[in-house]
Amino acid sequence: MKEAISVNSLSYSYPDGTKALKDIDIVIHEGEKIVIVGPNGAGKTTLFLHLNGTLKSKDNTVMIFGKNLGDMKVEERIKEVGIVFQDPDDQLFMPTIFDDVAFGPINMGLDEAEVKKRVKKALSRVGLEGFEDRVPHNLSYGQKKRAALAAVLSMEPRILILDEPTANLDPKSRADLIQVISGLNKDGITTVIAMHDVNALPTLSDRVYVLNRKIVAEGTPREIFSNSELLEMNHLEAPDVFKMFKVLTYFGYDCDSLPMSIDEAVEFLTRTIESGSGHIHLHIHEHTHEEVRKFLHSHDHH
């Protein structure tokens, strides 16, 4: 499988000397969906700014599809890597949505017909068809998030980087955006996401990197969130579904591995009931409440 991103021994310090990143090694393959988690101040945004060339690294530290990012022209970088920041107001600055989404393609030197085609396609992909003449500051926050995403998609990058895409969204807008991002990945776009929204994480990730100025751990969502010591040391939470089923194990629920999402929970429960004469048998033993108390305490580190 082709490497989309390769980061080798990337280190970075702020102008005041504070170390932001230390010896970062990451390999992301084309078509993967990767989530990067870590506490506030862990360096996630700083890492992302290196991946699109906003912050410069040493020669060959960051490679995009086998090319040294530092040697790539701006026009080439934006065709390969698009970044959507947490606050959509940082990216929406033109009079209309059409102007915002067309801004990138126009600056890529594309002709008018191609620009219009890309704007229409990008808005369609995020569910904002017919919004071309709308004024950005009149949109809801969820619509602004999707408009900012469309402004990046219009440049047709092969890698899409998103910083906290579900932050501050209502449940409907959150679900809509998760569906859009999942669809983009299924269409072949490599997605790299920083997020604290661990309940959305299983849907949006094949692998997870834990970043705390350096790479602390890497693995599948289940591997990462099964490690309670790792979570506690890095001030992270496991998905609610995972925690709920962990509690159920103390009451006698038996399964090979704990579900990470609602869909998996339904699948696991169905399988358990079908294999258990239509019932799930739970019980309390003398250590049940103590085990539950210890588990809940281990996750009470916020």
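Structural remarks
- Long-range neighbours under 6 Å by Cβ, at least six apart or interchain, first residue more than 22 Å from Gly142 (Cβ to Cβ) and in the same structural domain as Ser154 (by the TED database) within segment 108-127, second open to solvent by less than 30 Å² (accessible area, probe 1.4 Å) and not basic (Lys, Arg): Val115/Ala102; Val115/Pro105; Arg118/Pro105; Arg118/Ser154
- Of the residues Glu218, Glu264, the single one that is of a type in the set (Asp, Glu), open to solvent by 40 Å² or more (accessible area, probe 1.4 Å), assigned by the TED database to the domain that holds Pro202 and under 23 Å from Glu32 (Cα atoms) is Glu218.
- Complete set of residues in segment 221-245 that are part of a helix (DSSP H, G or I), surrounded by fewer than 19 Cβ atoms within 10 Å (Cβ to Cβ) and in contact (Cβ under 8 Å) with a residue 40 or more places away in the chain: Ser228, Glu232, Asp240, Lys243
- Arg146 more than 25 Å from Pro259 (Cα to Cα), among the charged types (D, E, K, R) and either touching a residue at least 24 places away in the same chain (Cβ under 8 Å) or open to solvent by less than 10 Å² (accessible area, probe 1.4 Å) (or both): yes
- Asp163 surrounded by fewer than 19 Cβ atoms within 10 Å (Cβ to Cβ) and at pLDDT 95 or above: no
- Cβ-Cβ contacts under 7 Å between residues 6 or more apart (or on different chains), taken from a first residue in segment 189-207 that is in contact (Cβ under 8 Å) with a residue 24 or more places away in the chain to a second residue that is open to solvent by 10 Å² or more (accessible area, probe 1.4 Å) and in a strand (DSSP E or B), are listed as Thr191/Lys33; Ala194/Asp163; Leu204/Lys33; Ser205/Lys33; Asp206/Lys33; Arg207/Glu218.
- Residue check, Glu229 touching a Leu at 6+ places or on another chain (Cβ under 9 Å), acidic (Asp, Glu) and outside the structural domain of Val210 (by the TED database): no
- The listed residue being in the same structural domain as His137 (by the TED database), open to solvent by less than 40 Å² (accessible area, probe 1.4 Å) and over 26 Å from Val119 (Cβ atoms), out of Pro39, Pro105, Pro88, Pro15: Pro39
- Of all residue pairs spaced 6 or more apart or on separate chains, those with beta-carbon atoms under 9 Å, a first member in segment 48-62 that is more than 11 Å from Tyr12 (Cα to Cα) and modelled with pLDDT of 90 or more and a second member that is part of a loop (DSSP other than H, G, I, E, B) and open to solvent by 80 Å² or more (accessible area, probe 1.4 Å) are Phe48/Thr54.
- With a requirement of 3 or more residues that are at negative phi and small (Gly, Ala, Ser), none of the strands (runs of 3 or more DSSP E) lying completely within segment 21-91 satisfies it.
- Scanning segment 246-274 for residues that are in contact with a Pro (Cβ under 8 Å, 6 or more places away or on another chain) and part of a helix (DSSP H, G or I) returns Glu264, Ala265, Glu267, Phe268.
- Segment 181-194, residues that are polar (S, T, N, Q) and buried (at least 22 other Cβ atoms within 10 Å of the Cβ): Thr190, Thr191
- Those helices (runs of 4 or more DSSP H) of segment 97-168 in which at least 1 residues are under 26 Å from Ile36 (Cα atoms), considering only elements entirely within it, cover 112-125, 141-153.
- Subset of segment 195-215 that is open to solvent by less than 10 Å² (accessible area, probe 1.4 Å) and closer than 14 Å to Ile26 by Cα - its residue that is nearest to the chain's Cα centre (by Cα): Val208
The values are calculated or read from the model by the stated rules, or taken from the named source; none is laboratory data. This is a predicted model, so every value here is computed, not measured. Don't worry about glycine lacking a Cβ; one is built from the backbone with ideal geometry, like all the others, and counts go over all protein chains shown. Just so you know, the surface numbers come from the protein's heavy atoms only, side chains and all, with ligands and any DNA or RNA stripped out. Shrake-Rupley method; radii C 1.70, N 1.55, O 1.52, S 1.80 Å.
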